[in-house]
Structure formats: C-alpha cells, structure tokens
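Down below is the structure, laid out as structure tokens.
No value in this document is a laboratory result; all are computed from the given coordinates. If you're wondering where the values come from, they're calculated on a predicted model, not measured in any experiment. All Cβ positions, even for glycine, are placed from backbone atoms using ideal geometry, and neighbour counts span all protein chains on display.
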Amino acid sequence: MQFLFVVQMLVIVLGPLVKMVLKMIGFGFVTYMGFNLIIGQAQDYLFAQMGNVGPVIQGILGLAKFDVVVNLYFAAISTRFLLAGIDKATDRKRAQVWHKPGGTSIEA
C-alpha cells in the first residue's frame with residue numbers, strides 16, 4: 001500500500017515537470033531552426049548577389065576575403081541573439097553603470 005502511494009506521488013510530481021521540459025525543448029528547437037533558416041537565407045541571398053557583380057569586382061571581393069567577413073558578421077549576430085536569450089532565460093538584467101546626477105548618486 002505504501003509503495004502505491006509513493007508511485008502516485010511521483011507521477012503527480014514528475015508528470016507536469018516532464019511536460020514543462022518537453023515544451024521548453026520544443027520551443028527552443030523551433031526557435032533555433034527558425035533562426036538558422038533566416039540566417040541561412042540571408043547568407044544565400046548575399047552570396048547570390050555577389051555572383052551577379054562583374055568579374056573584376058568579384059576578384060577584389062575574393063582578395064578581400066569578403067565571404068569570410070560575411071560569415072563573421074552572421075556569426076556575431078547569432079552570438080548576440082544567443083547571449084540575449086541566455087540573459088532572458090536566467091532573468092538577469094545588466095547592472096546600470098551610469099546614474100543621473102542627483103538622487104542617490106554622489107555629485108562632485
């Protein structure tokens with residue numbers, strides 16, 4: 001009888017917890033796939049437009065490693081969104097560095 005009570009309690013406690021975790025994983029997966037799709041489409045569009053320019057400009061862009069610059073740019077955008085998402089997930093806010101004069105700040 002005692003064993004049945006423990007099993008029922010575990011089902012009651014773990015059921016909603018498992019459901020919440022699966023929802024969070026599903027939302028994260030959809031967000032990740034959507035973000036990757038958007039970034040991939042933007043990169044493909046930019047590289048397609050680079051192919052439409054003249055051969056002289058293509059040579060200059062190749063020497064300047066423009067494709068590497070584009071990949072770095074999109075990686076920076078992805079990292080920024082990732083860090084913003086982590087801050088929101090942990091509900092952490094940035095500490096304000098500057099305070100307006102008056103009130104609680106010390107005036108010189």
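Taking the square roots of five times each eigenvalue of the Cα gyration tensor of the stretch 2-89, the equivalent ellipsoid has semi-axes of 50, 12, 8 Å, listed largest first.
Across the stretch 29-40, computed HN-Hα scalar couplings (Karplus, 6.51 cos²θ - 1.76 cosθ + 1.60, θ = phi - 60°) run 5, 5, 5, 4, 5, x, 5, 4, 5, 5, 5, x Hz from first to last residue, x flagging Gly and Pro. Under 17 Å from a point placed 7 Å out from the Cα of ARG80 along the Cα-to-Cβ direction: which residues of the stretch 9-51 have their backbone N that close? Once the point is set 7 Å along Cα→Cβ of ARG80, 35-36, 38-40, 42-43 turn out to lie under 17 Å by backbone N, inside the stretch 9-51.
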